Every structure is written in C-alpha cells, then in structure tokens.
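The structure appears below as structure tokens.
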Amino acid sequence: MVSLTLIWLQFAVCAVLIGLAGFQLSRYGDVIAHRTGLSGGWIGMALLATATSLPELVTGITSVTVADAPNLALGNALGSCNLNLFFLVVVDFLSRREPLWHRASQGHVLAAGFGVVMLGFVMVSLLVSHLRYPGQSPMPAFLANLGFSLATPVVFLLYMVAMRTVFSYERAHATPAPLVPDDTRPDLRQAVQRFALAAAVVFLAGLWLPFVALDLATAMGWNRSFVGSMFVALVTTLPELAVTLSALRIGAVDMAIGNLLGSNLFNVAIIAVDDLFYVQGSLLADSSPVHAVTAGSAIVMTGLAMIGLFFRPRSRVLRAVGWVSLGLLAVYLFNTYVLYLHGD
C-alpha cells in the first residue's frame, strides 16, 4: 500500500509540475508572439500548440529510449489527440453565452482536415505493419531493415505542408488585432528566459513520467496501452487544458480551438520523432494494433468537430452542450472502454 501510494504521489507531482509549467509556457509564449508581431491565429496553431506539446515530445522520446516502452509512447501521442478533442466538450460546456460551434471560426476546418489525413495515415500504417506476409514476417524484409516505418517521413512531410498551408491561410485572412495596453508585459528577453525555464521544467518532468507510468501499470495490473492512452496522455495534455481555459476566460475561443487542433498535428508528428529514436526497429510494428482504435477514434472525433465548425449548430442538449459535443464524448468513452479491455 505504501509503495502504491508513493507511485500515485509521484504521478501527482508530475501532473502538477507539467500543469504549472504549461501555464507559464502559454503565458510567455503569448508575450513572445506579441513582441514579435505574430498573428493571433498563428499563436494558437503553432507557437502555443508546439509549446504545450513539449510534455508529449519528451515523454515519447524517453519512453522509446530509456524506458523501452513503445506502447506507452504511441498511446501517449494518440491518446493526447483524443483528449484534446475531448477538451472541446469542456469548452462547449463552459461557453455559456452561445454554443462553441457557433462562435468558432470556420477556418479551423483546415487544420482539422490535415489532422484527419495524418491520423488516417498513421492508423493505416499501424495496421499494415502487423499484416502477415509470406514467411510469417510481420513486414517485408526491406521494410524491416529500415529501422523505422515508412510512415515516418510521410508524416513529417504532411506536418510541414499542414503548417505552411495554415500559415498562408492565416496570413491571407488575418484581421488587425485591437490595441491593448501592455506596459505590464515583460520585454522579449525576459519572456524568452522565462519560457525556457518553463520548458526545462516540462523536460525534466517528462523524463520522469514514463517510469512512474510503468510502475503504475505494474502496481495496478493495467496494460501499458491503457495507461499511456489515458493516464500519461492526461498528464501531458495539462498544458493544453491550461491554455484552453485561459483563452476561454478572456473570450479568445478561436485561440483555444487553434491550440487544441494544432497540438493534435504536433502530436502526430511526435509519433514520427519517437520512431526515429526507437532503435529496436519500427515503432508501429512493435506497438499493439489496438492503438488503431485510438487513432480511428481521433479521426471520428475530428470529423465531428469539422461538422460542428462547418454546420455551426445553435441548439444545446439539456441546455448543456451541443449534439456534436455529445458525439465527441461518446466516442471518447468508447475508446477508453476498448483500451481498458483489449490493450497490451
């Protein structure tokens, strides 16, 4: 009991450190963007999304190198995508003035569309890597000798194309931001220093987290796919939640949505990074095929978000959330149930 309590305590410490540091990342990332003249849409999609996804990046690399836990790494990246989409339900619930889907800009459909393409490619690559070929090898020899999945370079390419396309769209449709007093804001040098300090905290907590997660899985008798997709993903997405709630508090709904969808693009790119660091072979081939359920759930949830962003429904169910949000919640719960029963 003492050992289990200590493990949960370590897990909680990681969560607190990553959550607090993630809030600072978003705060000083916003200042850096303001001082350098970047657009508001680009803040959410690129700068904040990248900054708040640092825990997933560090945790994933640590999982495949030091901890040797590919299921934990892949589950963390894909599970974080699902959690980010689940946070849209939270935003919709807290958006009391009018439904989230009516307030949000339709421009987010572009980032969501790229998310569907990248997630779909990862899901297909994961399933193909587990097909049996003549000779009972999980993949052809010339692919196995590469040391990484063919999906990795394609995912990198898709991510760069996505960011370039979204940047061009934001620049073409940018609207002048209102002038606000900024006498209390730190200067650019201070903001960069504090941003770097927060990133260092995230880095250290991310190094620690995979080992705590493995101990937790062993102590509780849970499978690593479930722990990675649920618990580790929850901790590593705390910065996204902090940014989302902060943006919602000041009325910046588009920044909140842009951060979540941009983080999903970065999370899929993290899978490619993890694959390069995984020296034992292909990350997708050595991970459980049950992760295809998580990827598929993320695709369905992103599709629902695209419907909400395009259709812009005003109605609410029981005056709480829109029907799109209920669909997101149902898919998320289904994925959790499947992982708990069938994960490795």
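Bear in mind that the values in this text are calculations on the coordinates, not laboratory data. Since this is a predicted model, take the numbers as computed values, not measurements. Note: ideal-geometry Cβ built from the backbone for every residue, glycine included; neighbour counts use all protein chains shown.
Numbers for the structure displayed
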quantity: Segment Thr5-Arg319, length gained on full extension (0.36 nm per residue, minus Cα span); calculated: 109.1 nm
quantity: Cα→Cβ-extended label distance, 7 Å offset, between Arg185 and Val66, nm; calculated: 3.6 nm
quantity: Cβ-placed point charges (K, R +1; D, E -1), dipole of segment 234-323 about Cα centre in debye, nearest 20; calculated: 720 debye
quantity: Stretch gain in nm, segment His342-Phe311, where the contour uses 0.36 nm per residue and the Cα spacing is subtracted; calculated: 7.6 nm
quantity: Cα centre as origin, Lys/Arg/Asp/Glu Cβ charges: segment 45-134 dipole, Debye; calculated: 200 debye
quantity: Packing-based order for 233-241, 280-288, using average beta carbon neighbours within 10 Å, highest first; calculated: 233-241, 280-288
quantity: FRET efficiency, Arg249 to Val154 (Cβ-Cβ, R0 51 Å, nearest 0.05); calculated: 0.85
quantity: Inter-label distance for Val192 and Phe167, nm, one decimal - labels placed 7 Å from Cα along Cα-to-Cβ; calculated: 1.8 nm
